[in-house]
Amino acid sequence: MLKIEIDSPTLEKEINALVHSGLYADLTVLMTDALEKLVTTKRESRLDAAILLYQHGEVTLARAAELAGVHRFEFDAELNAKGIPKTVEVGSVDDLQAGVSVLKQNHKPNGGEKGS
């Protein structure tokens, strides 16, 4: 449960007025809405959250870029600028060997036809 103390009497009055006016069912609904808007509207917050999720392996680079609301290449540039290494999902050894096998089968020697 999230507990928030408001040190500004004016802000507290405004928040209570929003709840009492019926715009929000209760303080929890208001605070949830406020936090969702903060994260989705502030580019830096969205970017920071996406980077953190990416660093913890919870999302792929492409998904993190989507969450941040930027193109994948822009997200990649942000990672580089912050000195954050990119991770690469490799898969199993069998997957790698199968990929190498496909590459070898499709490789054309210099100046010759496939299989020549």
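Computed from the coordinates by the stated procedures, all read-outs in this text should not be read as laboratory data. Please read these numbers as outputs of a predicted model, since none were measured by experiment. Methodologically, a virtual Cβ is constructed for each residue, glycine included, from the backbone with ideal geometry; neighbour enumeration extends over all protein chains shown.
Structure above, values below:
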| read-out | value |
| --- | --- |
| Reported label for calculated Cα Rg over 2.2 N^0.38 Å given (i) 1.85; (ii) 1.42; (iii) 2.06 | (i) |
| Length gained when the stretch Thr32-Asn80 is fully extended (0.36 nm per residue, less Cα-Cα span) | 14.0 nm |
| Protection proxy ranking of 59-65, 97-103, 3-9 - average other beta-carbon atoms within 10 Å, highest first | 59-65, 97-103, 3-9 |
| Positive-end residue of Ser92, Gln55, Leu67, charge dipole of the chain with Cβ unit charges | Ser92 |
| Ellipticity estimate at 222 nm from DSSP helix runs (n ≥ 4, -39,500 (n - 2.57)) divided over the chain, nearest 500 | -19500 deg cm²/dmol |
| Dipole moment magnitude, nearest 20 debye, the chain about Cα centre, only Lys, Arg, Asp, Glu C-beta charged | 580 |
